[in-house]
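A quick write-up on the structure given underneath.
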Amino acid sequence: MRGKKEKCFQRGEITPFIVMEILERAKELERQGRDIVHMEIGESDLPPSPRVLEKIEEVKHQANRYTHSLGIFELREAIAHYYWETYKVDISPDRVIVTTGTSGGFSLIFSALFEVGEKIVFTDPGYPCYKNFAHIYCLEPVSVPIGRYTNYQLTPEMLEDIDLSGFLVTSPSNPVGNIYDRETLKGLAQWAAEKGKIFISDEIYHGLNYSKAVHTALEFSDEAIVVNGFSKYFCMPGFRLGWVIVPKKFVRKLQLVAQNLFISPPTLSQLVAIEALKDKTYLQKVRETFRQRRDYLYSELRKLFDIEVPPEGAFYIWANIERYSNDSFKFAFRMLEEAGVAITPGVDFGKNNTNLYVRFAYTSSLERLKEGVERIKSFLSKF
Ligand SMILES: Cc1ncc(COP(=O)(O)O)c(C=O)c1O
């Protein structure tokens with residue numbers, strides 16, 4: 001009992017989201033009249049589909065009530081259909097749970113499917129909130145380093161010696177922007193099914209893939225847990241809407257938490273989200289816009305930094321800054337102060353040599369990225 005209590009004191013380990021600190025300083029400089037190029041924010045600058053905006057007008061007066069705790073059934077059906085159209089995977093809508101962003105989804109999964117003190121593996125570098133979710137729900141996060149030497153992918157061999165209950169993989173990834181090979185993802189899904197481990201696949205950047213196909217973990221195992229949402233590809237981060245797909249046996253467990261923690265996901269967002277799933281023409285445009293930005297930024301940044309894996313998806317480039325600095329935090333803040341370009345220091349994403357890396361996000365227009373690159377070039381000439 002005492003051991004369990006101590007595990008919960010890990011809440012003291014919750015770390016700040018450093019990108020927010022960069023953003024806040026950038027905003028302060030803007031208030032002082034400085035022009036800042038934003039390459040720090042992991043949030044699409046594009047609007048949602050015009051069909052979403054039209055639908056808001058149509059349904060805004062019907063949106064004041066709670067919905068079913070698992071989400072509006074038509075939306076759950078539309079999400080299931082999306083898996084058929086996109087991946088040819090047949091999912092029953094009963095297995096789809098609509099959540100308050102994927103962040104809400106992680107809350108349901110971590111609290112309902114794990115016991116206090118159980119180990120859950122994340123990659124380092126990785127999205128920083130995962131380990132903080134683990135702390136909040138009294139789980140023990142275990143970081144497995146990935147890097148150039150592992151092609152920035154987790155494999156079953158790396159998990160073999162860890163007494164884990166579950167693990168999580170992100171593809172396309174934040175912060176690296178790489179995409180897991182089909183065989184690696186399949187290997188992980190099969191390993192988890194054989195060993196009875198919980199495999200969570202964070203697929204929130206699906207759709208934002210430029211040079212390689214993405215595969216859902218559900219292609220390889222019905223036991224896999226998929227997390228996805230409307231914040232990235234669908235350009236609706238403020239709508240706070242996501243979904244999880246779980247084996248049927250877990251639905252009720254997650255529902256009990258969902259009823260208590262959230263009552264229901266946001267109603268207006270649910271009513272309009274079906275339009276976002278359907279508007280394929282707009283989604284195509286979104287992908288093309290980010291592809292063009294990726295092509296431009298990668299071609300310029302690779303002349304200035306060592307970029308170990310080509311950016312294949314999401315909207316990030318992970319760059320090694322060793323030739324300029326071994327302190328990514330200082331480097332990023334100095335770039336902000338002196339060049340007026342906001343980027344995210346690698347240390348936001350873990351401890352695995354992350355002092356030697358920074359993350360560039362291509363979430364600003366091509367014109368602004370071009371301005372940013374010119375400023376970065378003149379900033380680096382001082383080193
Ligand atoms: C990898 C990853 N997963 C999940 C999220 C959370 O997104 P949301 O709660 O908006 O769905 C983010 C946000 O940046 C992310 O980068």
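What follows is calculated from the coordinates using simple rules that are stated; it is not laboratory data. Please read all numbers here as calculations on a predicted model, not as lab measurements. Ideal geometry is used to build each Cβ from the backbone, glycine not excepted, and the neighbour counts take in all protein chains shown.
Quick notes on this one:
- Order by protection proxy (mean Cβ within 10 Å, highest first), peptides 85-94, 160-169: 160-169, 85-94
- You can think of it this way: the chain between Arg65 and Trp84 has 3.8 nm of extra reach, that is 0.36 nm per residue less the Cα-Cα gap.
- Region 17-126: relative contact order as a whole-number percent, Cα under 8 Å and 6+ apart: 15 percent
- Dipole axis of region 62-279 (+1 Lys, Arg; -1 Asp, Glu on Cβ), positive-most option in His206, Thr99, Leu188: Thr99
- Counting only DSSP beta bridges whose two residues both lie in the chain, roughly 50 percent are antiparallel.
- Extending 7 Å from the Cα toward the beta-carbon at both Lys285 and Val116 defines two label points whose distance is 5.2 nm.
- Span-rule helices in the chain, defined as complete DSSP H runs reaching 15 Å or more along the axis (Cα) with Kyte mean at least 0.5: 101-113, 267-278
- Mean Cβ neighbour count within 10 Å, used as a protection proxy, ranking 179-188, 117-126 highest first: 117-126, 179-188
- Working ranking of peptides 342-352, 314-324 by packing, defined as the average number of other Cβ atoms within 10 Å per residue, highest first, is 342-352, 314-324.
- Residue among Trp84, Leu271, Phe133 farthest towards the positive dipole end of region 62-279, charges placed on Cβ: Leu271
- When the helices of the chain are scored as -39500 (n - 2.57) per DSSP H run of n ≥ 4 and the total is divided over every residue, the value at 222 nm lands at -13000 deg cm²/dmol.
- By DSSP, the beta bridges lying fully in region 163-270 are antiparallel in about 35 percent of cases.
- Antiparallel content of DSSP bridges confined to region 62-279, in %, to 5: 35 percent
- Extension gain, Ile14 to Asp306: 0.36 nm times the residue separation minus the Cα-Cα distance gives 102.0 nm.
- Förster-model FRET efficiency, 30 Å R0, Lys330 and Leu46, C-beta, rounded to 0.05: 0.40
- Length gained on full extension, Glu183 to Ser378: 66.0 nm, using 0.36 nm per residue less the C-alpha separation.
- Inter-label distance, nm, simple model (7 Å from Cα along the C-beta direction), Gln255/Leu53: 3.8 nm
- Computed from the Cβ-Cβ distance with R0 of 35 Å, the FRET efficiency linking Glu157 to Glu28 stands at 0.15.
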